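A short worksheet on the structure shown next.
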Amino acid sequence: MSLKLPKLPSIRDLTRIYNLQAKQKFSQNFIMDKNITDKIVRLAGLELENALCVEVGPGPGLLTRSILDRGAKNVVAVEKDSRFTPALEQLQDVSAGRFRSIIGDMLTLDHATIIDEGLRLQSNANGEIKAFENVHLIGNLPFSVATPLLIQWLHQLATKQGIFSSPQVSMTLMFQREVGDRIVALPSESPRGRLSVVAQSICDSFKVYNVPSSSFVPRPKVDATMVQLRPLENPPLTSSLGTLEHLVRFVFMKRRKMLLRIFKDWHPDKVALLEECEIDPTLRPQDVSTEAFCELAQLIEQRGIKIP
């Protein structure tokens, strides 16, 4: 059986037929060129055998088409805007039982709903149900909620909750380019900040593909980039992710200062924490390695120290 979708109306035609104008309140921007979404899925290198693909914010479904055309057999999409229901139902009807959509907010949706839909697709396909070995979270995220979503998912990944309890998980997500630069920034690179350290404490993160603003309708003011995050086999994080996040938020609020000044301003006694972790106090926050921040967070958590 061919896993290629039949010929469908173009996304441009669908948005016109169903009057699917992008809404500013949802930070919606649509990609209209399937060559771009095909390239994103190909470069993401997703292992689709016995995998559950969870797409966030499919909109009219162009990226969904590329995922399905690549051979995915279990695709569940979560869309907040119910206006896209007719377009997604049409795609569901021609997907040969490989796609389901859920209208809901990914920030609050119970992941059990997603897993149940994926298992139902699996059962329809071969009559048996078994846990998914791989889960791929993928999406062209609205820029306004992209960072809160990523932080939530990193916390769920750190504690193996919901879809992140799978043995193999990846996230391939669209961010505005500035945010993507922060996620992948290494020590001493200018974009490095709180998000860099939090993401890299449990994930390997790298860019998949830069998407110019001209590829979107309506055209945003900034370019975008697709970033992939894959859990590290031996992550440096040994404290709770919450402690690390609190620590790096505190120090990066004063990113232009040396650590010595930041910790003295906190309390003169706290400079000793840097010494115990063998962190050079003359460094600025962006120059500190993820491993050093994780060690510092572990020490702070062990001693029950309250971070301002």
- Task: Of the conditions (1) closer than 30 Å to Glu47 by Cβ; (2) in the same structural domain as Val179 (by TED's automatic domain parsing), Pro236 clears all except one; give me its number.
- Result: (2)
- Query: Of the residues in segment 122-148, how many are among the aliphatic types (A, V, I, L, M), buried (at least 20 other Cβ atoms within 10 Å of the Cβ) and modelled with pLDDT under 95?
  - Reply: 2
- Before we move on, is Pro187 within 30 Å of Phe263 (Cα to Cα), outside the structural domain of Phe293 (by TED's automatic domain parsing), touching a Cys at 6+ places or on another chain (Cβ under 9 Å) and buried (at least 17 other Cβ atoms within 10 Å of the Cβ)? no
- Note on the structure: Of all strands (runs of 3 or more DSSP E) fully inside segment 75-157, the set with 3 or more residues that are under 21 Å from Glu47 (Cβ atoms) is 75-79, 134-140
- Selected residue [in a loop (DSSP other than H, G, I, E, B), touching a residue at least 24 places away in the same chain (Cβ under 8 Å), under 22 Å from the mean Cα position of the chain (by Cα) and assigned by TED's automatic domain parsing to the domain that holds Leu137] from Val208, Val222, Val227: Val222
- Has segment 262-276 got any residue that is buried (at least 18 other Cβ atoms within 10 Å of the Cβ) and either polar (S, T, N, Q) or under 14 Å from Pro187 (Cα atoms) (or both)? no
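The values are calculated or read from the model by the stated rules, or taken from the named source; none is laboratory data. No experiment lies behind these values; they were computed from the predicted model shown. Positions of Cβ are generated from backbone atoms using ideal geometry, with glycine treated the same way; all protein chains shown enter the neighbour counts.
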